[in-house]
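What follows is a short report on a single structure.
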Amino acid sequence: MIKKLGFMLIIVLVVSSFTACGSDYITGNKDVKDLIENIGLKKEEVFNNLKLEEGKDIEEFDGKAGIYAFKEERTVYGQSLKLALTFDINNDKMYGFMYIKGFKDQKKDAYDLTQKLQKDLNKAYGEPATYPELTNTISKMPNYEDLPEKESADFLETWKADDGLDVELRMTIQEGQNASVTLTYKINTLPEDWNK
């Protein structure tokens, strides 16, 4: 009897640990879940909820109104990226957030990161919801060797994460080897009281 109870307890622990890992994987990490819960709230409330102090933990991103970047990089899907919160400049409400990584003379690293994040997002959210007519999607992106050498290029993929929430992965190549990868979570519909 004791052996049976011990065996059952081990089974329950193993199953619950897989379940916990799976739910963490689907949201990417704890940051994503916490940030999603703050969408629609005003900046002051978001900063209070997340225990952020402007100038100390977070600051305006490259002088862009309504975008505030954490000073320290954050991890999502096992990758260390800069995290920024995005606010509507008309009403100060948070409408999303994005993870960003720039690559100087490292187009191959940007390509590899994009491929890895695409796989992770497909596992987390299923098939992309990108318009099928688009030709510059990440799923149709050429092999690294066939990417344009001198011209700029932009590749995009979108997933439906939740009711009213989209996830967008974008890889942008500037002329030459410079590139950037952006993973954006944003609302795709505005609540009726958004402008109040």
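Bear in mind these aren't lab numbers, they're just calculated from the coordinates by the rules spelled out. Computed from a predicted structure; not experimentally measured. FYI the Cβ positions are ideal-geometry reconstructions off the backbone, even for glycines, and counts take in every protein chain you see.
Restricting segment 92-196 to GluC sites (Glu not before Pro) that sit in a DSSP loop and have at most 12 other Cβ atoms within 10 Å of their own Cβ leaves Glu133, Glu149, Glu151, Glu175, Glu192. Legend: residue pairs Lys56/Lys116; Lys71/Lys150; Lys43/Lys119; Lys33/Lys101; Lys56/Lys82, Cα-Cα distance threshold 25 Å; pairs beyond threshold, Lys56/Lys116; Lys71/Lys150; Lys43/Lys119. With the convex hull drawn over the C-alpha atoms of segment 84-158, the volume per residue is 145 Å³.
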